[in-house]
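Data first, discussion second: the structure below is written as structure tokens.
The values are calculated or read from the model by the stated rules, or taken from the named source; none is laboratory data. Since the model is a prediction, treat every value here as computed from it, not as a measurement. Heads up, the Cβs are rebuilt from the backbone with ideal geometry, glycines too, and the neighbour counts pull from every protein chain shown. All accessible areas refer to the heavy atoms of the entire protein, side chains included, with ligands and DNA or RNA removed. Shrake-Rupley method; radii C 1.70, N 1.55, O 1.52, S 1.80 Å.
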Amino acid sequence: MRFDLLTIFPEIFDSYIGESIIKRAIKDHKLEIVVHDIRKYTKDKHQKVDAPPYGGGAGMLMMAQPIYDCVQAVKKLNKGPVIYMSPKGKMLTQNYGQTLAKKYQKSGLILLCGRYEGIDQRAIDLCVDFEISIGKYVLTGGELPAMVLLDTISRLIPGILGDDYSSEEETFSKVLDGKKEYPHYTRPEEFMGLKVPEVLISGHHANIKKWRKDQLK
Ligand code: SAM
């Protein structure tokens, strides 16, 4: 699946996409992540991408022109929808992530990251297909939300996690009826006086299954 990330701080993504599962998925050509610097598209003679809001008020806004030109260029490479990461958007949930992973795995997604007080409404009206929020709080920029969305979707694509099933039976997943997952234990059998529940070392699969089901919240 292809993700194009549009930002004025491209380096923010370096460490995240250069590590672990995402790094391996890129190497295996299961994921393609291209980061675009919106600043490169500005026609402002001082290379500015922000300006004060009309009507006054605190802070700066990202101007429409660099975003518009950047989106037009990226749309030639990625046929998926343009998502603006915004606290005003539709809330990201595991269920919504599953829907997006299924629907856009082939086309890909274009994720637009805002900064400052946000972006000029005309950039949204002209370029954005829909908005997604990662929670009811306001962050400094859209880069963390874009990474959260990318991570949520990527691990749901078959073959990206080592074991395809490990993203199925998880907290909030359909398989667990949207409930919170049961507790996990690994070696040793006793740690600081706390023992692994007997049933998990019994080897009795039906009982283990029942115990895990009973633990769902
Ligand atoms: N003035 C905006 C408001 O009140 O809705 C907040 C702007 S915020 C400081 C700057 C950028 O961070 C936004 O343009 C958006 O891209 C991103 N952002 C902040 N919180 C977010 C959230 N909860 N979900 C997704 N994106 C978020």
Residue list for the stretch 119-132, filter: open to solvent by less than 10 Å² (accessible area, probe 1.4 Å) and either near the ligand (Cβ under 6 Å from one of its atoms) or within 18 Å of Asp50 (Cα to Cα) (or both): Ala123, Cys127
Within the stretch 91-109, track down each residue that is open to solvent by 30 Å² or more (accessible area, probe 1.4 Å) and within 10 Å of the ligand (Cβ to nearest atom). Met91
Please work out which residue is modelled with the lowest pLDDT, limiting yourself to the stretch 1-60 and to residues that are open to solvent by 40 Å² or more (accessible area, probe 1.4 Å) and of a type in the set (Ser, Thr, Tyr). Ser20
For the stretch 173-182, indicate whether the set of residues that are open to solvent by 70 Å² or more (accessible area, probe 1.4 Å) and within 13 Å of the ligand (Cβ to nearest atom) is non-empty. no
Over 15 Å from Cys127 (Cβ atoms) and in contact with a helix residue (DSSP H, G or I) (Cβ under 9 Å, 6 or more places away or on another chain): is that true of Gln94 in this structure? yes
Residues of the stretch 140-166 classified as within 16 Å of the ligand (Cβ to nearest atom), surrounded by 15 or more Cβ atoms within 10 Å (Cβ to Cβ) and assigned to a loop (DSSP other than H, G, I, E, B), total: 2
With the structure loaded, tell me whether Leu77 is within 14 Å of the ligand (Cβ to nearest atom), closer than 25 Å to Leu150 by Cβ, of a type in the set (A, V, I, L, M, F, W, C) and touching a residue at least 40 places away in the same chain (Cβ under 8 Å) or whether it fails that test. no
Going by what's in this entry, would Tyr165 be described as modelled with pLDDT under 95 and of a type in the set (Phe, Trp, Tyr)? yes
Exactly one condition in (1) open to solvent by less than 60 Å² (accessible area, probe 1.4 Å); (2) not assigned by TED's automatic domain parsing to the domain that holds Ile22 is not met by Thr186; state its number. (1)
All but one of (1) within 13 Å of the ligand (Cβ to nearest atom); (2) farther than 15 Å from Lys88 by Cβ; (3) not in a helix (DSSP H, G or I) hold for Gly135; which doesn't? (2)
Report yes if Leu112 is among the hydrophobic types (A, V, I, L, M, F, W, C) and surrounded by fewer than 19 Cβ atoms within 10 Å (Cβ to Cβ), otherwise no. no
Hits in the stretch 68-114 (condition: farther than 20 Å from Lys40 by Cα and aromatic (Phe, Trp, Tyr)): Tyr96, Tyr104
Please go through the stretch 189-204 and pick out each residue that is open to solvent by less than 100 Å² (accessible area, probe 1.4 Å) and either part of a helix (DSSP H, G or I) or under 27 Å from Gln94 (Cβ atoms) (or both). Pro197, Val199, Leu200, Ile201
